[in-house]
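Below: one structure, written as structure tokens.
The values are calculated or read from the model by the stated rules, or taken from the named source; none is laboratory data. Values in this document were obtained by computation on a predicted structure and should not be read as measured data. Cβ atoms come from the backbone with ideal geometry, glycine included; neighbour counts cover every protein chain shown. Just so you know, the surface numbers come from the protein's heavy atoms only, side chains and all, with ligands and any DNA or RNA stripped out. Shrake-Rupley method; radii C 1.70, N 1.55, O 1.52, S 1.80 Å.
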Amino acid sequence: MSKKGMIVAGVMSGTSADGIDVALVRIGGPRDVKLLGHAGYPYSSKVRATVLSSMNATSARVADLARLNFLLGELYAEAVVATQRRFRRKADLVGCHGQTLYHQGEAAKFLGRSVAATWQTGEGAVIAARLGVPVVSDFRPADMAAGGKGAPLVPYVDYLWFRDSRVGRIAQNIGGIANLTAIPAGAEADEIVAFDTGPGNMVIDAVTQKLFGRSFDRDGKIAGVGEIIEPVLRRFLRASSFRAKPPKTAGREEFGREFVSEFLRSCGKARKQDVVATATALTARSIAEAVQRFAVNKIPTSGRRSQKWGTPSRYTFREIILSGGGARNATLVSMLAEQLAPLGLVVRFSDEFGLPSEAKEAVAFAVLAYETWNRRPSNVRSATGAEKPAILGKISYA
Ligand SMILES: Nc1ncnc2c1ncn2[C@@H]1O[C@H](COP(=O)(O)OP(=O)(O)O)[C@@H](O)[C@H]1O
Ligand SMILES: [Mg+2]
């Protein structure tokens, strides 16, 4: 194996708050990335509960939030150390996304001013001190300061990894939130379109927890024996956020506790498995509708005023590449395949491209950290809506 480049550990913990994913990659350049190994470390149920309640405005306490920042720093460092041991490689640099506590990509009035805000926690200085290497963390604020929504950031890596000169592809990640990156055949970086499609596993997880006492619907077994409650599904698909034009972001703020209570109320006395099936269908249909509305139908994004879609043939998407934990939910995947087949899209998995489904986002933050370390901007302006390129993240030196 080539000795050139550096080894970077990417650390991801998403809105599902299921745990920490670590990827060790060797990077020789932004287009020369090799996955050396990856591993997942579930949060203990107490940590998960604390992370989830920290995202909840009515239960969060400021002292606990401050403590959580340092505690997560320790947990991230331990996860990297365990991964290094397992693959007998040591990272030269770490890129850590952190745990999002709050994300409001769109500016709103606050104290008489117009403010957008985001908050990722997990102290980079702690990770740097434990590992003895520099850490890039807190990636989103720089894009927001440049006028962007701070999300999504992974499209930069989707573009590097999945673009093809002849095949238009859609990379669809299904984490807590679901997001897509549409990469036209032969696209340049700023021609790609990316946005959050809505809930990924978040609503499925919450109803499964509530009705079955399990943290998720493993392999989609419960949804698989349920029936979709069509009127409920249609009602929730009418939400304006699904129709809004990209760039757009979604979060726990939108599909969290209140949304789930409302969803459960609407299901009334339905069988429990039908509720889970309907939550699963909400994810599948909102993704399929987003693909149809904003990718296949060639509607230009409003991200950059100058952006125009090219000739229609370049925007014929033939493959949708799934990643994230939701790619393991067989019922969700088959619902998606059924919805997308009429649009001429074939479902594939990120694993087939050498990028294990659960490792993709961790790999992405390794690559983004590498770019930052080399002082290169890595926000995709057509995806975030930023006015300027931005070098993402803050560096903690060891
Ligand atoms: N075998 C599986 N069957 C069904 N769902 C799964 C499976 N494995 C993971 N998931 C789902 O994926 C979620 C975690 O996905 P992940 O990509 O880590 O999301 P995030 O980035 O939000 O943390 C879990 O909460 C669960 O809903
Ligand atoms: Mg996760």
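Got a sec? Which of Glu253, Glu258 is of a type in the set (Asp, Glu), modelled with pLDDT under 95 and closer than 30 Å to Val367 by Cα? Steps first, please.
Values: Glu258 fails: closer than 30 Å to Val367 by Cα.
Sole residue among the options that is of a type in the set (Asp, Glu), modelled with pLDDT under 95 and closer than 30 Å to Val367 by Cα: Glu253.
Got at least one residue in segment 169-181 being out of contact with any Ser or Thr (no Cβ under 9 Å at 6 or more places or on another chain) and more than 16 Å from ligand 1 (Cβ to nearest atom)? Write out each step before concluding.
In the first step, residues of segment 169-181 are kept if they are out of contact with any Ser or Thr (no Cβ under 9 Å at 6 or more places or on another chain); the result is 181.
Still in the list and also more than 16 Å from ligand 1 (Cβ to nearest atom): none.
There is no residue in segment 169-181 that is out of contact with any Ser or Thr (no Cβ under 9 Å at 6 or more places or on another chain) and more than 16 Å from ligand 1 (Cβ to nearest atom).
Name every residue in segment 192-214 that is open to solvent by 50 Å² or more (accessible area, probe 1.4 Å) and polar (S, T, N, Q), in order of residue number. Spell out how you get there, then give the answer.
Here is the first cut: in segment 192-214, the residues open to solvent by 50 Å² or more (accessible area, probe 1.4 Å) are 209-210, 212-214.
Result: Gln209, single match.
Spot the failing condition for Ala49; the list is (1) within 16 Å of ligand 1 (Cβ to nearest atom); (2) surrounded by fewer than 21 Cβ atoms within 10 Å (Cβ to Cβ); (3) touching a residue at least 24 places away in the same chain (Cβ under 8 Å); (4) in a helix (DSSP H, G or I), and only one is missed.
The single condition Ala49 does not satisfy is (3).
Name the residue that is modelled with the highest pLDDT, counting only residues in segment 136-162 that are open to solvent by 20 Å² or more (accessible area, probe 1.4 Å), closer than 30 Å to Thr280 by Cβ and in contact with a strand residue (DSSP E or B) (Cβ under 6 Å, 6 or more places away or on another chain).
As a first pass, look at segment 136-162 and keep what is open to solvent by 20 Å² or more (accessible area, probe 1.4 Å): 138, 140-142, 144-145, 147, 149, 156, 160-161.
Of the ones still in play, those that are also closer than 30 Å to Thr280 by Cβ are 140, 149, 156, 161.
Those still in the list that are in contact with a strand residue (DSSP E or B) (Cβ under 6 Å, 6 or more places away or on another chain) too: 140, 149.
On the way: Arg140: 98, Lys149: 93.
For segment 136-162, the residue satisfying everything is Arg140.
Contact list please: Cβ distance under 6 Å, first residue in segment 6-26 and closer than 11 Å to Ala366 by Cα, second residue near ligand 1 (Cβ under 7 Å from one of its atoms), pairs at least six apart or on different chains.
Taking only residues 6 or more apart or on different chains, the pairs are Met12/Asp21; Met12/Glu361.
Any residue at all in segment 4-18 that is aliphatic (A, V, I, L, M), at positive phi and within 16 Å of ligand 2 (Cβ to nearest atom)?
Within segment 4-18, the first condition is being aliphatic (A, V, I, L, M), and the residues that meet it are 6-9, 11-12, 17.
From what's left, at positive phi: 17.
Then drop every residue that is not within 16 Å of ligand 2 (Cβ to nearest atom), which leaves 17.
There is at least one residue in segment 4-18 that is aliphatic (A, V, I, L, M), at positive phi and within 16 Å of ligand 2 (Cβ to nearest atom).
Report, ordered by the first and then the second residue, all pairs with beta carbons closer than 7 Å, sequence separation of six or more or different chains, a first member in segment 359-381 that is modelled with pLDDT under 95, and a second member that is among the basic types (Lys, Arg).
Close Cβ pairs satisfying both conditions: Arg381/Arg304.
Kindly indicate whether Gly176 is among the small types (Gly, Ala, Ser), closer than 30 Å to Phe70 by Cα and buried (at least 23 other Cβ atoms within 10 Å of the Cβ).
Numbers: among the small types (Gly, Ala, Ser): yes; closer than 30 Å to Phe70 by Cα: yes; buried (at least 23 other Cβ atoms within 10 Å of the Cβ): yes.
The answer is yes for Gly176.
Please go through (1) at pLDDT 95 or above; (2) in a strand (DSSP E or B) for Tyr76 and return the number of the only condition it doesn't satisfy.
(2)
Quick check: anything in segment 339-347 within 13 Å of ligand 2 (Cβ to nearest atom) and open to solvent by 40 Å² or more (accessible area, probe 1.4 Å)?
The first filter runs over segment 339-347 and keeps only residues within 13 Å of ligand 2 (Cβ to nearest atom), leaving none.
No: zero hits.
Restricting attention to segment 1-34, which residues are at pLDDT below 95 and more than 12 Å from ligand 1 (Cβ to nearest atom)? Steps first, please.
Filtering segment 1-34 down to residues at pLDDT below 95 leaves 1-5, 14-18, 28-34.
Residues satisfying the conditions are Met1, Ser2, Lys3, Lys4, Gly5, Gly28, Gly29, Pro30, Arg31, Asp32, Val33, Lys34.
In segment 19-46, which residues are part of a strand (DSSP E or B) and away from ligand 2 (no atom under 16 Å from the Cβ)?
So in segment 19-46, the residues part of a strand (DSSP E or B) come out as 19-29, 32-42.
Matches in segment 19-46: Leu24, Val25, Arg26, Ile27, Gly28, Gly29, Asp32, Val33, Lys34, Leu35, Leu36, Gly37.
Looking at the structure I just gave you, is Pro356 more than 19 Å from Thr280 (Cβ to Cβ) and within 16 Å of ligand 2 (Cβ to nearest atom)? Walk me through how you get there before you give the answer.
Numbers: more than 19 Å from Thr280 (Cβ to Cβ): yes; within 16 Å of ligand 2 (Cβ to nearest atom): yes.
In short, yes.
Test Met55 against the stated conditions and say whether it is open to solvent by 30 Å² or more (accessible area, probe 1.4 Å), in contact with a Leu (Cβ under 7 Å, 6 or more places away or on another chain), on the phi < 0 side of the Ramachandran plot and within 16 Å of ligand 1 (Cβ to nearest atom). Working first, answer last.
Details: open to solvent by 30 Å² or more (accessible area, probe 1.4 Å): yes; in contact with a Leu (Cβ under 7 Å, 6 or more places away or on another chain): yes; on the phi < 0 side of the Ramachandran plot: yes; within 16 Å of ligand 1 (Cβ to nearest atom): yes.
Answer is yes for this residue.
Which of the numbered conditions does Trp373 fail, given that it passes all the others? Conditions: (1) open to solvent by 20 Å² or more (accessible area, probe 1.4 Å); (2) within 28 Å of Pro42 (Cα to Cα).
Condition (2) is where Trp373 drops out.
For Phe216, work out the one condition from (1) within 16 Å of ligand 1 (Cβ to nearest atom); (2) within 25 Å of Phe353 (Cα to Cα) it doesn't fulfil.
Single failed check for Phe216: (2).
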